[in-house]
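See structure below.
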Amino acid sequence: MSSLKEPVVIHKGLDNVYVKESKVCFIDGEASKLFYRGYSIEDLAEHSTFEETAYLLVNGKLPTRQQLQDFGKLISSHRTLEPGVLQLLRSFPTTSDPMDVLRTAISALGLYDPQPATDNINERTDKALRILAKTPTIIAAFDRLRNGREPVSPQLNLSHAANFLHMLTGKMPDPYDAHVMDVALILHAEHEMNASTFSCTVTASTMADMYSIITSGIGTLRGPLHGGANEAALKTVIEVGDPSRAEEYVTRALAEKKRIMGFGHRIYKTWDPRYVILKKLGAELASKKGETKLFGTAVAIEQSALRHLAGLPVFPNVDSYSGVVFHMLGIPTDLFTPVFAMSRIAGWTAHAIEYLEGNRLIRPKALYVGQTSLPYIPLDARGTR
Ligand code: COA
């Protein structure tokens, strides 16, 4: 039993525990505000690109024109996979979950780095950017291989977003699709000290290499309580199938004490600002693609849920439309979380690097409530059960 004299406070879920000071991201969940390095998500979605946003997150300031060009070239120059990693993707069962594939492939990338571990922050950042560059290639290559198609080589002259869609479909993406993909990547790039970012931070605090850090983040993001809500939200929209059935669905789901996917958030107690941006883009995408029924069903579910949940601090979050948008872009449902990871690597890197400047090993405690000093029982004396 614990011998502590002071009463111990257990912070289950680490709610309201601060692990560091940070200049990466600020969320005001009461005012519907999100800032990356001080810039509003609305401005970044409207004026920036994923590459520029990744530079901002990792380096702390917006790049000059030259810096942005150099950064874009650096990312595109690292898109191609090592033959050994491609070979590995070919060897995986086609039934593998793409998140498991991504976790394993990024871990394998470290085996092809002659010096994966380094204490130098610039070298660490460089390694993280190589991982960021190769992640879309891994996701798209595995998707093609599992469908019996050859991977499409990365195009160096395309943006991160457009190149991903090109490698996935084998076709040059429509410019508006590429734009929506780009904005979706911006919106998912960072979100303060969520579970996967914390996981990366814990691994960074041990001075582990960047491959281990990012693999930790992917393992944590994989869980349905973190990365999977957009998949579930899309599934609901497809099952409901028609705006006229939304009210019946929401009434029944709430009566059965089920949660409406894409609603509610630990931090936002009002509109998630990313939801606002994505819904607008989604509406335009739906009318361009003739997917107005699907989109209209998502809107009808949202309207009905808002009426039923009025009075509670529960509002639509980014996942209410991200799944619908990814679906309209032709991205298979089980790639939604890998795509989330592909973008979030920027935020994970920013936090890991920030934590390492003034690192302290993260080592919390568990309050022991078991027994001590038990007499050891020889195996033969333990009975049969
Ligand atoms: N559908 C229906 N009711 C919901 C709800 C939802 N999506 N989210 C929260 N509520 C209800 C809760 O049951 C709670 O009701 P109660 O007080 O009667 O128990 C009330 O609203 C307040 O919930 P709150 O404490 O603000 O939520 P939380 O912090 O415990 O949970 C989530 C946050 C994200 C886990 C939760 O909203 C959820 O499961 N959402 C659906 C999944 C999702 O979209 N996740 C993506 C997040 S980006």
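The values are calculated or read from the model by the stated rules, or taken from the named source; none is laboratory data. Model, not experiment: these values are computed from the prediction. Here the Cβ positions follow ideal geometry from the backbone for every residue, glycine too, while neighbour counts run over all protein chains shown. Note: areas computed on protein heavy atoms with side chains; ligands, DNA, RNA excluded. Shrake-Rupley method; radii C 1.70, N 1.55, O 1.52, S 1.80 Å.
In terms of Cα to Cα distance under 24 Å, which lysines are near enough to Lys33, apart from those fewer than 8 places away along the same chain?
Those lysines meeting the cut-off are Lys20, Lys23, Lys61, Lys269, Lys279, Lys280.
Give the accessible area for Glu239 in Å² (nearest 10); use a 1.4 Å probe, count only protein heavy atoms, and leave out ligands, DNA and RNA.
130 Å²
Report the semi-axes of the equivalent ellipsoid for the chain in whole Å, largest first, where each axis is √(5λ) for an eigenvalue λ of the Cα gyration tensor.
Whole-Å semi-axes of the equivalent ellipsoid: 34, 30, 23.
Rounded to the nearest 20 Debye, what is the dipole magnitude of the chain about its Cα centre when Lys and Arg each give +1 and Asp and Glu each give -1 at the C-beta?
720 debye
Just report the Cα centroid separation between the range 163-209 and the range 287-343, whole Å.
18 Å
Relative contact order, percent, of the chain when contacts are C-alpha pairs under 8 Å separated by at least 6 residues?
23 percent
Using a/c under 1.5 as the rounded threshold, could you call the range 235-385 rounded, prolate or oblate? The axes a ≥ b ≥ c are square roots of the C-alpha gyration tensor eigenvalues, and prolate needs a/b larger than b/c, oblate otherwise.
prolate
Can you give the local net charge around Asp209? Use residues other than it whose beta-carbon is closer than 9 angstrom to its beta-carbon, Lys and Arg +1, Asp and Glu -1.
+1
Considering the options Val202, His188, Pro7, tell which one lies farthest towards the positive end of the dipole of the chain, charges being +1 on Lys and Arg and -1 on Asp and Glu at the Cβ, about the Cα centre.
Pro7
Taking amide H positions as placed 1.01 Å from N in the peptide plane, with prolines and chain starts having none, which residues 5 or more places from Gly223, or on another chain, fall under 5 Å of its amide H?
none
For Phe263, which sequence-distant residues (separation of 5 or more, or a different chain) have an amide H within less than 5 Å of its own amide H, given hydrogens modelled in the peptide plane?
Asn317
What order do Tyr55, Tyr376 take when sorted by accessible area (1.4 Å probe), most exposed first?
Reading off the accessible areas and sorting them downward yields Tyr376, Tyr55.
Using a 1.4 Å probe and ignoring any ligands, DNA or RNA, find the accessible area of Met172 and quote it in Å² to the nearest 10.
Looks like 120 Å² after rounding.
Counting only helical runs of four or more DSSP H residues, what would the 222 nm mean residue ellipticity of the chain come to if each run contributes -39,500 (n - 2.57) and the total is spread over all its residues? Present the calculation step by step, with values, prior to reporting the outcome.
Details: 16 runs with 211 residues, N = 385.
Theoretical 222 nm ellipticity from helices: -17500 deg cm²/dmol.
I'd like the carbon and sulfur percentage of the solvent accessible area for the chain, probe radius 1.4 Å, heavy atoms only, ligands and nucleic acids excluded.
So the carbon and sulfur contribution to the accessible surface is 54 percent.
Below 8 Å, C-alpha to C-alpha, sequence gap of six or more: please give me the relative contact order for the range 95-193 in percent.
Numbers: 64 pairs, mean separation 19.4, N = 99.
Taking the mean separation of contacting Cα pairs over the length of the range 95-193, I get 20 percent.
List, in order, the whole-Hz ³J(HN,Hα) value for each residue of the range 266-271 obtained from phi through the Karplus relation with A = 6.51, B = -1.76, C = 1.60 and θ = phi - 60°; use x for Gly and Pro.
4, 9, 6, 10, 8, 4
HN-Hα J couplings of the range 296-306 from phi, Karplus 6.51/-1.76/1.60, θ = phi - 60°, integer Hz, Gly and Pro as x?
Each residue's phi maps through the Karplus curve to give x, 5, 4, 5, 5, 4, 4, 4, 5, 4, 4 Hz.
How would Trp271, Trp348 line up by accessible area, probe 1.4 Å, largest first?
Trp271, Trp348
Are there any trypsin sites (Lys or Arg not before Pro) in the range 219-263 that are in a DSSP loop and have at most 14 other Cβ atoms within 10 Å? List them by number. Could you put the intermediate results ahead of the total?
Numbers: sites: Arg222, Lys235, Arg245, Arg252, Lys257, Lys258, Arg259; in loops: Arg222, Lys257, Lys258, Arg259.
Sparse-neighbourhood loop trypsin sites (Lys or Arg not before Pro): Lys257, Lys258, Arg259.
Could you give each residue of the range 46-56 its phi-based ³J(HN,Hα) in whole Hz, using Karplus coefficients 6.51, -1.76, 1.60 with θ = phi - 60°, and x for Gly or Pro?
For the range 46-56, the Karplus curve yields 7, 10, 9, 10, 4, 4, 5, 5, 5, 4, 4 Hz.
What does the accessible area per residue of the range 232-385 come to in Å², with a 1.4 Å probe and no ligands, DNA or RNA counted?
Spelled out: the 1.4 Å probe surface of the range 232-385, per residue, equals 54 Å².
Roughly how much of His78 is accessible, in Å² to the nearest 10, using a 1.4 Å probe?
For His78, solvent-accessible area is about 40 Å².
From Cα pairs below 8 angstrom and at least 6 apart in sequence, can you work out the relative contact order of the range 250-385, rounded to a whole percent?
28 percent
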